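The values are calculated or read from the model by the stated rules, or taken from the named source; none is laboratory data. Remember, it's a predicted structure, so these values are computed and weren't measured experimentally. As a convention, Cβ positions derive from the backbone with ideal geometry for all residues, glycine included, and neighbour counts pool all protein chains shown. Surface areas here come from the heavy atoms of the whole protein model, side chains and all, with no ligands, DNA or RNA. Shrake-Rupley method; radii C 1.70, N 1.55, O 1.52, S 1.80 Å.
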Amino acid sequence: AAFARMGNIHTVGPNEALIVSGGCCGSRSKTTRVGGWAWAWWLVTDVQRLSLEVMTLNPVCENVETAQGVPLTVTGVAQVKIMKNADLLQTASEQFLGKKEHEIKSTVLQTLEGHLRAILGTLTVEEVYKDRDQFASLVREVAAPDVGRMGIEILSFTIKDVYDNVTYLASLGKAQTAAVKRDAEIGVAQANRDAGIREAECEKAAMDVKYNTDT
(Lines give C-alpha, C1' and ligand atoms only; values in the text may rest on other atoms or scores of the structure.)
Protein backbone atom coordinates (compact mmCIF):
# COMPACT_ATOMS: atom_id res chain seq x y z
CA ALA A 1 0.00 0.00 0.00
CA ALA A 2 2.86 2.37 0.82
CA PHE A 3 4.48 1.71 -2.56
CA ALA A 4 1.12 2.23 -4.29
CA ARG A 5 1.01 5.74 -2.83
CA MET A 6 4.55 6.42 -4.12
CA GLY A 7 4.23 5.17 -7.67
CA ASN A 8 2.64 2.84 -10.14
CA ILE A 9 3.46 -0.22 -12.28
CA HIS A 10 3.05 0.16 -16.04
CA THR A 11 2.78 -2.88 -18.29
CA VAL A 12 3.00 -3.26 -22.08
CA GLY A 13 2.58 -6.01 -24.64
CA PRO A 14 5.32 -7.51 -26.86
CA ASN A 15 4.77 -4.94 -29.64
CA GLU A 16 4.96 -1.86 -27.46
CA ALA A 17 7.79 -0.11 -25.66
CA LEU A 18 7.78 1.82 -22.40
CA ILE A 19 10.08 4.83 -22.24
CA VAL A 20 10.75 5.73 -18.61
CA SER A 21 12.43 9.06 -17.95
CA GLY A 22 13.61 10.46 -14.60
CA GLY A 23 13.46 8.87 -11.17
CA CYS A 24 14.49 9.38 -7.61
CA CYS A 25 17.13 11.91 -6.53
CA GLY A 26 16.69 13.98 -9.67
CA SER A 27 17.88 11.28 -12.05
CA ARG A 28 17.52 12.20 -15.74
CA SER A 29 18.25 8.74 -17.11
CA LYS A 30 15.97 7.21 -19.71
CA THR A 31 15.29 3.49 -19.93
CA THR A 32 13.24 1.43 -22.37
CA ARG A 33 11.22 -1.71 -21.82
CA VAL A 34 9.83 -3.85 -24.66
CA GLY A 35 7.02 -5.90 -23.23
CA GLY A 36 6.82 -6.62 -19.50
CA TRP A 37 6.54 -3.86 -16.91
CA ALA A 38 8.27 -0.83 -15.40
CA TRP A 39 7.94 1.05 -12.11
CA ALA A 40 7.19 4.78 -12.20
CA TRP A 41 7.43 7.19 -9.27
CA TRP A 42 4.62 9.67 -8.91
CA LEU A 43 5.48 13.22 -10.04
CA VAL A 44 9.18 12.52 -10.69
CA THR A 45 9.00 9.84 -13.40
CA ASP A 46 7.63 10.30 -16.89
CA VAL A 47 6.34 7.18 -18.69
CA GLN A 48 5.43 7.18 -22.37
CA ARG A 49 4.57 4.42 -24.80
CA LEU A 50 5.90 3.79 -28.30
CA SER A 51 4.16 1.37 -30.63
CA LEU A 52 6.29 -1.27 -32.35
CA GLU A 53 3.48 -2.45 -34.62
CA VAL A 54 4.02 -2.67 -38.38
CA MET A 55 2.96 0.51 -40.22
CA THR A 56 1.74 0.51 -43.82
CA LEU A 57 2.71 3.46 -46.02
CA ASN A 58 1.58 4.36 -49.54
CA PRO A 59 4.25 6.53 -51.18
CA VAL A 60 3.09 8.44 -54.27
CA CYS A 61 5.27 10.43 -56.67
CA GLU A 62 3.30 12.33 -59.31
CA ASN A 63 4.66 13.50 -62.67
CA VAL A 64 8.33 12.89 -61.87
CA GLU A 65 10.55 13.17 -64.94
CA THR A 66 12.64 10.14 -65.81
CA ALA A 67 16.08 10.22 -67.41
CA GLN A 68 14.36 10.71 -70.79
CA GLY A 69 12.27 13.61 -69.54
CA VAL A 70 9.05 11.56 -69.60
CA PRO A 71 6.86 12.35 -66.54
CA LEU A 72 5.72 9.27 -64.64
CA THR A 73 3.44 8.79 -61.66
CA VAL A 74 4.49 5.91 -59.40
CA THR A 75 2.63 4.49 -56.41
CA GLY A 76 4.01 1.96 -53.96
CA VAL A 77 3.33 0.09 -50.73
CA ALA A 78 5.82 -0.07 -47.86
CA GLN A 79 5.79 -1.92 -44.55
CA VAL A 80 7.93 -0.34 -41.81
CA LYS A 81 8.32 -0.60 -38.05
CA ILE A 82 10.39 0.75 -35.18
CA MET A 83 13.21 -1.67 -34.39
CA LYS A 84 13.49 -3.36 -30.98
CA ASN A 85 17.28 -3.11 -30.76
CA ALA A 86 18.04 -1.12 -27.59
CA ASP A 87 20.23 1.52 -29.25
CA LEU A 88 17.91 1.98 -32.23
CA LEU A 89 14.86 2.05 -29.98
CA GLN A 90 16.56 4.80 -28.00
CA THR A 91 17.13 6.70 -31.25
CA ALA A 92 13.52 6.26 -32.30
CA SER A 93 12.28 7.43 -28.91
CA GLU A 94 14.33 10.64 -29.20
CA GLN A 95 12.72 11.46 -32.52
CA PHE A 96 9.19 10.13 -32.21
CA LEU A 97 8.31 10.10 -28.51
CA GLY A 98 5.14 12.07 -27.94
CA LYS A 99 4.17 11.97 -31.62
CA LYS A 100 1.09 10.22 -32.92
CA GLU A 101 1.30 7.35 -35.37
CA HIS A 102 0.21 9.46 -38.34
CA GLU A 103 3.05 11.90 -37.60
CA ILE A 104 5.61 9.06 -37.56
CA LYS A 105 4.17 7.73 -40.81
CA SER A 106 4.39 11.16 -42.41
CA THR A 107 8.08 11.52 -41.53
CA VAL A 108 9.03 8.12 -42.93
CA LEU A 109 6.78 8.60 -45.96
CA GLN A 110 8.50 11.84 -46.92
CA THR A 111 11.88 10.11 -46.77
CA LEU A 112 10.72 7.23 -48.98
CA GLU A 113 9.10 9.54 -51.52
CA GLY A 114 12.23 11.68 -51.67
CA HIS A 115 14.40 8.70 -52.58
CA LEU A 116 11.73 7.43 -54.97
CA ARG A 117 11.78 10.73 -56.88
CA ALA A 118 15.58 10.83 -56.96
CA ILE A 119 15.89 7.30 -58.35
CA LEU A 120 13.13 7.86 -60.92
CA GLY A 121 15.18 10.70 -62.35
CA THR A 122 18.08 8.36 -63.11
CA LEU A 123 16.14 5.61 -64.91
CA THR A 124 14.43 5.29 -68.28
CA VAL A 125 10.74 4.53 -68.60
CA GLU A 126 11.56 1.07 -69.93
CA GLU A 127 13.76 0.30 -66.90
CA VAL A 128 11.03 1.38 -64.49
CA TYR A 129 8.19 -0.39 -66.29
CA LYS A 130 9.85 -3.66 -67.27
CA ASP A 131 11.54 -4.54 -63.97
CA ARG A 132 9.50 -3.15 -61.09
CA ASP A 133 11.02 -5.55 -58.56
CA GLN A 134 14.53 -4.32 -59.27
CA PHE A 135 13.33 -0.72 -59.14
CA ALA A 136 11.63 -1.33 -55.78
CA SER A 137 14.74 -3.08 -54.42
CA LEU A 138 16.88 -0.11 -55.44
CA VAL A 139 14.58 2.33 -53.64
CA ARG A 140 14.60 0.18 -50.51
CA GLU A 141 18.39 -0.20 -50.59
CA VAL A 142 18.98 3.55 -50.96
CA ALA A 143 16.34 4.62 -48.42
CA ALA A 144 17.23 2.04 -45.74
CA PRO A 145 20.24 3.92 -44.23
CA ASP A 146 18.31 7.21 -43.82
CA VAL A 147 15.27 5.47 -42.38
CA GLY A 148 17.52 3.33 -40.19
CA ARG A 149 19.00 6.44 -38.59
CA MET A 150 15.49 7.10 -37.27
CA GLY A 151 15.36 3.65 -35.72
CA ILE A 152 12.97 2.48 -38.45
CA GLU A 153 13.29 -0.73 -40.48
CA ILE A 154 11.84 -1.17 -43.97
CA LEU A 155 10.30 -4.64 -43.94
CA SER A 156 9.08 -4.52 -47.54
CA PHE A 157 8.66 -2.11 -50.43
CA THR A 158 6.85 -2.85 -53.68
CA ILE A 159 5.78 -0.82 -56.70
CA LYS A 160 2.00 -0.87 -57.00
CA ASP A 161 1.43 1.06 -60.23
CA VAL A 162 3.26 3.04 -62.91
CA TYR A 163 1.43 5.31 -65.34
CA ASP A 164 1.77 8.55 -67.28
CA ASN A 165 -0.40 11.27 -68.80
CA VAL A 166 1.42 11.54 -72.14
CA THR A 167 0.55 8.07 -73.55
CA TYR A 168 4.23 7.09 -73.60
CA LEU A 169 3.54 3.76 -71.91
CA ALA A 170 0.60 3.10 -74.22
CA SER A 171 2.84 3.74 -77.23
CA LEU A 172 5.51 1.52 -75.71
CA GLY A 173 2.95 -1.24 -75.26
CA LYS A 174 1.75 -0.90 -78.86
CA ALA A 175 5.33 -1.10 -80.11
CA GLN A 176 5.97 -4.23 -78.04
CA THR A 177 2.72 -5.79 -79.29
CA ALA A 178 3.66 -4.98 -82.89
CA ALA A 179 7.11 -6.49 -82.36
CA VAL A 180 5.62 -9.68 -80.92
CA LYS A 181 3.15 -9.92 -83.81
CA ARG A 182 5.95 -9.34 -86.33
CA ASP A 183 8.13 -12.00 -84.74
CA ALA A 184 5.18 -14.42 -84.76
CA GLU A 185 4.51 -13.78 -88.46
CA ILE A 186 8.20 -14.25 -89.27
CA GLY A 187 8.20 -17.49 -87.30
CA VAL A 188 5.17 -18.78 -89.21
CA ALA A 189 6.76 -17.83 -92.55
CA GLN A 190 10.01 -19.55 -91.62
CA ALA A 191 8.14 -22.66 -90.48
CA ASN A 192 6.17 -22.76 -93.77
CA ARG A 193 9.40 -22.30 -95.75
CA ASP A 194 11.15 -25.10 -93.87
CA ALA A 195 8.13 -27.36 -94.35
CA GLY A 196 8.10 -26.62 -98.09
CA ILE A 197 11.80 -27.38 -98.42
CA ARG A 198 11.39 -30.63 -96.51
CA GLU A 199 8.41 -31.62 -98.67
CA ALA A 200 10.37 -30.92 -101.84
CA GLU A 201 13.30 -32.97 -100.56
CA CYS A 202 10.98 -35.88 -99.79
CA GLU A 203 9.39 -35.68 -103.26
CA LYS A 204 12.85 -35.63 -104.88
CA ALA A 205 13.91 -38.67 -102.86
CA ALA A 206 10.74 -40.50 -103.90
CA MET A 207 11.30 -39.64 -107.58
CA ASP A 208 14.92 -40.81 -107.36
CA VAL A 209 13.73 -44.16 -106.04
CA LYS A 210 11.16 -44.39 -108.86
CA TYR A 211 13.74 -43.55 -111.56
CA ASN A 212 16.14 -46.13 -110.13
CA THR A 213 13.37 -48.74 -110.12
CA ASP A 214 12.36 -47.93 -113.70
CA THR A 215 15.98 -48.15 -114.78
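A few remarks follow.
- Considering Thr66, Thr91, the condition of being at pLDDT 75 or above, under 21 Å from Gly151 (Cβ atoms) and not aliphatic (A, V, I, L, M) is satisfied by Thr91 alone.
- Matching residues, the stretch 46-69, being more than 30 Å from Ser93 (Cβ to Cβ), open to solvent by 60 Å² or more (accessible area, probe 1.4 Å) and assigned to a strand (DSSP E or B): Glu62, Asn63, Glu65
- Tally of residues being closer than 30 Å to Gly69 by Cβ, in contact (Cβ under 8 Å) with a residue 40 or more places away in the chain and among the polar types (S, T, N, Q) across the stretch 96-121: 0
- Test result for Glu153, at pLDDT 90 or above, touching a strand residue (DSSP E or B) at 6+ places or on another chain (Cβ under 7 Å), open to solvent by 40 Å² or more (accessible area, probe 1.4 Å) and not small (Gly, Ala, Ser): yes
- Meets criteria (modelled with pLDDT under 65, more than 21 Å from Asp161 (Cβ to Cβ) and crowded, with 16+ Cβ neighbours inside 10 Å) for Val20: no
- Residue within the stretch 175-188 that is under 30 Å from Met55 (Cβ atoms) and either at pLDDT 65 or above or part of a strand (DSSP E or B) (or both) present: no
- Criterion (open to solvent by less than 50 Å² (accessible area, probe 1.4 Å) and under 23 Å from Asn15 (Cβ atoms)) met by exactly one of Leu112, Leu116, Leu72: Leu112
- Filter pass, Val54 being β-branched (Val, Ile, Thr), modelled with pLDDT of 65 or more and within 17 Å of Ile104 (Cβ to Cβ): yes
- Residue within the stretch 101-111 that is in contact with a strand residue (DSSP E or B) (Cβ under 9 Å, 6 or more places away or on another chain) and part of a loop (DSSP other than H, G, I, E, B) present: no
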